[in-house]
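Let me begin by presenting the structure, written as structure tokens, before commenting on it.
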């Protein structure tokens, strides 16, 4: 639900990072926060527990500048990955314009990835949204770890529609901007 | 007129090729700001913000806030949504207003037509009782104003973005998001 405000000539787009717990969603946002020019981003807001697990969401506004007279901004959100935080997770999806699914590539997390993907479909459906109609990209994160599934297997389980997918090592920034650029461009195209 | 339009896809939207939208023109905007200005005058509050339920700021009236208004709007929507869920858990349909009291600054939040949230910031120069009464009147006025806006939104064509917007935005994305 991008907001185009013709009064103040602003466009705000909401992009949500989704995926299983400890998959690297917050790490993606932290990397973006540290790497983009400080003048183009706002504060990184994190509603987290004392052990730095996301409790409600992280939020980072990033300013694209003025495009054809419109101040254009992306609002990046993460959701809490843990299964029992579903109520908060669903709230964050309200009005989403684009989704990034951050999968944890480790073999033992395959079931958690699949469960989280099902949960994403279900939560979107409750708002009347269809993931196949929304700008959507996948990041296979943690590719630097030794015990990872191969990408073909992850694709088979998580990406039947073959949306754009990127390999990532979010802690080192690998794939973080590729993923963000891909979803941001899809969102912008959906406005035009 | 175009310069005062406001468009928003509704939550029932997200269908490809033409999501439902609503917009308001100059007269709606003036009417809404008049209601908010009147509220500030009568309640002696400092600032009123309208935020939509997805966490985006729609308008601000009164003292311009010095804080990060994008963060404020996203937290406001989250606050309200979380409290909606709490209400449901205890068998209430909703909490249509929330009050947060600080030592010097306080804020009062009220639902507007289930789509927007009115936030009023005030300090010790007024009282909670007065703010609460005046917000009630303002919410009634805003509900009437937005009922008209939403009522005529269906079927109305949204103005298109200027040609070239997508290409230019894509170039900017490449420039901004690089190592």
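Give me Rg over Rh for the protein assembly as shown, both radii from the alpha carbons and Rh done the Kirkwood way, two decimal places.
0.97
Normalised by the number of residues in chain A, what is the relative contact order in percent for Cα pairs under 8 Å and 6+ residues apart?
With pairs under 8 Å counted, the relative contact order is 23 percent.
Taking only the Cα atoms of segment B:50-110, how large is their convex hull per residue, in Å³?
Output value, Cα hull per residue: 90 Å³.
As I understand it, the value is the acute angle between the Cα axis of helix A:25-35 and the longest principal axis of the Cα atoms of chain A; what does it come to in degrees, rounded to 10?
Roughly 50 degrees, rounded to the nearest 10.
Of the candidates A:26, A:72, A:54, which one comes out as most mobile in a Gaussian network treatment of chain A with C-alpha springs shorter than 10 Å?
Of A:26, A:72, A:54, the most mobile in the Gaussian network model is A:72.
First measure r as the distance between the Cβ atoms of residue A:55 and residue A:122, then evaluate 1/(1 + (r/R0)^6) with R0 = 25 Å and state the FRET efficiency to the nearest 0.05.
0.75
Hey, fewest Cβ within 10 Å first, where do B:54, A:51, B:76, B:59 land in order?
Listed from fewest to most nearby Cβ atoms, that is A:51, B:59, B:76, B:54.
Starting at 0 and stepping by 5 Å, how many percent of the alpha carbon pairs of segment A:78-133 end up in each bin?
4, 18, 33, 25, 14, 6, 1
Given the C-alpha centroids of segment B:91-118 and segment A:94-166, what is the distance between them in whole angstrom?
Comparing the Cα centres of segment B:91-118 and segment A:94-166, I get a distance of 35 Å.
What is the helix-to-structure angle for A:110-126, meaning the angle in degrees between its Cα long axis and the longest Cα principal axis of chain A, kept from 0 to 90 and rounded to the nearest 10?
40 degrees
Could you state the angle between the C-alpha long axis of helix A:176-191 and the longest principal axis of the C-alpha atoms of chain A, as a value from 0 to 90 degrees rounded to the nearest 10?
50 degrees
Consider all pairwise Cα distances in segment A:3-191 and report the whole-number % of them above 22 Å.
Numbers: 7668 of 17766 pairs.
The proportion of pairs with Cα distances above 22 Å equals 43 percent.
In whole percent, what relative contact order does segment A:96-186 give with Cα contacts below 8 Å and a gap of six or more residues?
Computed value for segment A:96-186: 36 percent relative contact order.
By count of other Cβ within 10 Å, fewest leading, how are A:13, B:47 ordered? Let's see the in-between values first.
Details: A:13 27, B:47 18.
Arranged by neighbour count, lowest to highest, A:13, B:47 become B:47, A:13.
What is segment A:23-72's relative contact order, in percent, from Cα pairs under 8 angstrom and six or more apart in sequence? Before the final figure, lay out the partial values.
Numbers: 50 pairs, mean separation 14.8, N = 50.
Reported relative contact order: 30 percent.
How do A:157, A:118 rank when sorted from fewest to most other Cβ atoms within 10 Å of their own Cβ?
Listing A:157, A:118 from fewest to most nearby Cβ atoms yields A:118, A:157.
None of the figures in this text is laboratory data; all of them are computed from the coordinates on show. Since this is a predicted model, take the numbers as computed values, not measurements. Here the Cβ is made from the backbone with ideal geometry for all residues, glycine too, and neighbour counts use every protein chain on show.
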